[in-house]
Structures are given as C-alpha cells and as structure tokens.
Amino acid sequence: MIYQMVVPGPIEDVVEVRVLEWHGDVGRTFGPGELIVELETYKALVEVRAQQAGVLRRIVCNAGEWQQIGKPLALLADDPAETLPEPAADLTAWPVAFEVN
C-alpha cells in the first residue's frame, strides 16, 4: 500500500515548518521508532519518527523548503516495487510520532 506522510500537527502557534534534514534517501526502509525527517519552526526543532515499517518512495518537500501543517512531505510504501499513483491527494496518511524540542 502507498501512504502519504504529512507535516504532523497540531503544533502550538505554528502554521508551517521548514524541512531541515531527511534521514535517508528514496529507497531507504524505516522501522518503527526510526527518525525519518527533522523539521523546524521559527522557534523549535520537530523530530518525525516512523510508527510502522515502510520504504521512502518519493520526497515531496525537499530540505530547505517550507510546508504547511497537514500537507504532504513524502510518499512511503509497504512494498518498494509498488507503482506510485498520480496525484497523491487521496492516499492514506502514514502514521508518525513527532516531538517538538
């Protein structure tokens, strides 16, 4: 199954975040609890971790780019060979845990 990872939230007083660093390239498999991406607000760092195993298939928002809460960051999949849909608007959200530091 293909999933869409969105900017997690809500985060108090935050409308958008900047992608600071991806912790893997397209094709990397993440396990539960692994750090996928670091985001930043104007005041804090947000660490986004996987809650289930999956493969990073497409990065939608690259390092240095800003994205609104709830908008897509990446596409992930259970199977690295599964065909990616176009467009990605109606995909199931990929579960993540996030911590604001």
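The values are calculated or read from the model by the stated rules, or taken from the named source; none is laboratory data. If you're wondering where the values come from, they're calculated on a predicted model, not measured in any experiment. Reconstructed Cβ throughout: ideal geometry from the backbone, glycine too, with neighbour counts over all protein chains shown.
Condition first: in contact with a strand residue (DSSP E or B) (Cβ under 6 Å, 6 or more places away or on another chain) and part of a loop (DSSP other than H, G, I, E, B). Now tell me which residues in the range 34-70 satisfy that.
Across the range 34-70, the qualifying residues are Glu34, Thr41, Ala44, Gln51, Val60, Cys61, Ala63, Glu65, Gly70.
Tell me, yes or no, whether the range 61-73 has at least one residue that is modelled with pLDDT under 95, surrounded by fewer than 16 Cβ atoms within 10 Å (Cβ to Cβ), closer than 18 Å to Tyr3 by Cα and among the charged types (D, E, K, R).
yes
Given the conditions (1) surrounded by 13 or more Cβ atoms within 10 Å (Cβ to Cβ); (2) in contact (Cβ under 8 Å) with a residue 40 or more places away in the chain; (3) of a type outside the set (A, V, I, L, M), and given that Glu99 satisfies all but one, which numbered condition is not satisfied?
(1) is the only condition that Glu99 fails.
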